[in-house]
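K.L.:
Could you have a look at this structure, given as structure tokens, before my questions?
The values are calculated or read from the model by the stated rules, or taken from the named source; none is laboratory data. Bear in mind the structure is a predicted one, so any value in this text is a computation, not a measurement. Cβ coordinates were reconstructed from backbone atoms using ideal geometry, including for glycine residues, and neighbour counts include every protein chain displayed.
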Amino acid sequence: MAHKLRVGVVGHGWAATAHIPAIQATGLAEVVAVQSNRPLDGAQLRAQYGAPIRPVTRIEDMLADPSIDVLDLTGFPKDHARLSIAAAQANKHILVEKPMALSIDDARAVHAAVKAAGVGYCICFEVRYSNQFRALKSLLDLGLIGRVHLAEVDYYHGVGPWYGQFRWSAKKAESGSSLLSAGCHALDAMLLMMGSESEPVEVTALATSSTSPHFASCDFPTTQVNLVRFADGRIGKSTSCLDALQPYHFRVHVLGSEGSIDGDRFHSEKLAGSVRSRWSQLSCGVVDSGDVKDHPYEAQFGAYFRAILAGDPMPLTGIDDALATHRLLFAADRSAELGRTVKLEELP
């Protein structure tokens with residue numbers, strides 16, 4: 001290729017400190033500028049990341065810079081939709097932290113803008129690129145579990161005052177909901193385990209909150225359980241829990257016609273000699289940390305940059321995948337709010 005893709009990072013908070021090294025490590029792109037509302041020093045950025053990076057104050061300057069190929073949006077969730085639309089209109093490829101938007105209308109507007117501009121888009125549902133879920137997807141694709149009829153993926157985490165983003169993520173106006181703030185990873189991974197043979201048609205969600213004083217400042221329910229029915233009658237279930245006083249736990253249990261998956265273990269009736277009283281063990285690690293430095297960004301970003309360079313859509317976490325997951329997220333939040341089952345066709 002003529003040159004590495006040139007990336008401008010919008011926001012220099014916690015997520016950006018993990019994105020920038022991951023982008024550089026792909027060997028396919030380089031971060032050339034970082035925008036922040038706080039003053040940044042070029043020499044300090046170079047010392048931190050080992051490469052020359054230009055500090056920028058105005059996002060408009062990045063949008064107008066013809067040398068920047070990709071905008072990486074790592075700032076506050078409430079700004080993701082507006083900045084994604086602006087980036088598409090400026091003909092920039094888009095890399096954005098979750099969520100893509102805080103409303104279904106804004107999510108559809110982002111989808112329309114990206115499609116109209118013909119630019120690349122990647123949402124940070126990076127769990128799909130973890131070693132664990134790449135291995136589990138291979139098990140499913142090989143047919144070792146058979147036809148999945150129930151997939152449960154649950155997110156349990158304590159996101160309290162000790163957590164860096166708590167100052168803003170405890171507010172509905174800033175982060176949306178328990179699901180949009182973090183549990184979306186689990187709901188998205190559940191959709192991956194269910195496969196593309198059938199779409200979700202309705203969701204029933206119940207929400208509650210801990211009485212612990214740690215979470216008293218949260219102005220939305222911090223725990224939500226979502227039960228999803230698919231068009232072919234199969235079921236998915238996902239919990240989004242931000243008030244768990246325990247170690248981080250990303251729980252996975254998948255049931256199929258030929259076997260089951262439990263975390264990083266599986267049983268398959270198709271493997272000669274296997275017995276149901278013992279699990280077979282996968283060699284991959286599991287998703288076990290909410291720290292951004294532990295997220296599989298490098299694998300995901302590498303796939304994205306290869307797709308851009310080849311003129312292909314982003315696999316697994318592209319614009320259509322992002323909208324499909326968010327449509328279910330917003331339906332689940334509406335169900336919890338209204339106290340009834342919501343059909344996805346009810347969403348505008």
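K.L.:
Has the stretch 248-261 got at least one residue that is over 22 Å from residue 138 (Cβ atoms) and in the same structural domain as residue 152 (by TED's automatic domain parsing)?
P.N.:
yes
K.L.:
Take residue 317 and tell me if it is surrounded by 15 or more Cβ atoms within 10 Å (Cβ to Cβ), in a loop (DSSP other than H, G, I, E, B) and among the hydroxyl-bearing types (Ser, Thr, Tyr).
P.N.:
yes
K.L.:
What helices (runs of 4 or more DSSP H), lying completely within the stretch 1-106, carry at least 3 residues that are over 30 Å from residue 331 (Cα atoms)? Before the answer, list the steps.
P.N.:
On the way: elements: 14-25, 42-49, 59-64, 80-89.
Fully inside the stretch 1-106 and qualifying: 14-25, 42-49, 59-64.
K.L.:
Further question: I'd like the residue in the stretch 150-191 that is part of a strand (DSSP E or B) and charged (D, E, K, R) and, out of all such residues, is surrounded by the fewest Cβ atoms within 10 Å (Cβ to Cβ).
P.N.:
Looking at the filtered set, the residue picked out is 152.
K.L.:
Applying the selection to the stretch 110-140, what residues are of a type in the set (A, V, I, L, M, F, W, C), under 19 Å from the mean Cα position of the chain (by Cα) and part of a helix (DSSP H, G or I)?
P.N.:
110, 114, 127, 133, 135, 136
K.L.:
Would you pick out the residues in the stretch 132-150 that are free of Cβ contacts under 8 Å to residues at least 40 places away in the same chain and either under 14 Å from residue 264 (Cβ atoms) or touching a Phe, Trp or Tyr at 6+ places or on another chain (Cβ under 6 Å) (or both)?
P.N.:
138
K.L.:
Next question, about the same structure. Looking only at the stretch 285-298, decide whether some residue is closer than 18 Å to residue 155 by Cα, of a type in the set (D, E, K, R) and without any contact (Cβ under 8 Å) to a residue 40 or more places away in the chain.
P.N.:
Yes; the residues of the stretch 285-298 include at least one that is closer than 18 Å to residue 155 by Cα, of a type in the set (D, E, K, R) and without any contact (Cβ under 8 Å) to a residue 40 or more places away in the chain.
K.L.:
Quick check: anything in the stretch 261-273 over 30 Å from residue 16 (Cα atoms), basic (Lys, Arg) and either surrounded by 14 or more Cβ atoms within 10 Å (Cβ to Cβ) or out of contact with any Gly (no Cβ under 6 Å at 6 or more places or on another chain) (or both)? Step through it out loud before you land on a result.
P.N.:
To start, the set of residues in the stretch 261-273 that are over 30 Å from residue 16 (Cα atoms) comprises 261-262, 265-273.
From what's left, basic (Lys, Arg): 265, 270.
Filter again for either surrounded by 14 or more Cβ atoms within 10 Å (Cβ to Cβ) or out of contact with any Gly (no Cβ under 6 Å at 6 or more places or on another chain) (or both), leaving 265, 270.
Yes, the stretch 261-273 contains at least one residue that is over 30 Å from residue 16 (Cα atoms), basic (Lys, Arg) and either surrounded by 14 or more Cβ atoms within 10 Å (Cβ to Cβ) or out of contact with any Gly (no Cβ under 6 Å at 6 or more places or on another chain) (or both).
K.L.:
Take the residues of the stretch 19-72 that are within 21 Å of residue 298 (Cβ to Cβ) and among the hydroxyl-bearing types (Ser, Thr, Tyr): which is farthest from the chain's Cα centre (by Cα)?
P.N.:
So the residue we want is 49.
K.L.:
Considering only residues of the stretch 320-348 that are modelled with pLDDT of 95 or more and part of a loop (DSSP other than H, G, I, E, B), which is nearest to residue 209 (Cα to Cα)?
P.N.:
Taking the stretch 320-348 and keeping what is modelled with pLDDT of 95 or more, we get 320-346.
If we keep only those that are part of a loop (DSSP other than H, G, I, E, B) too, we end up with 339-341.
Numbers: 339: 15, 340: 18, 341: 20 Å.
The selected residue is 339.
K.L.:
Restricting the first residue to the stretch 81-108 and requiring it to be basic (Lys, Arg), which pairs with a second residue that is part of a loop (DSSP other than H, G, I, E, B) meet a Cβ separation below 6 Å and a spacing of at least six or different chains?
P.N.:
98/124
K.L.:
So in the stretch 200-223, with the set limited to residues that are polar (S, T, N, Q) and touching a Leu at 6+ places or on another chain (Cβ under 6 Å), which one is nearest to residue 178 (Cα to Cα)?
P.N.:
Top of the filtered list is 222.
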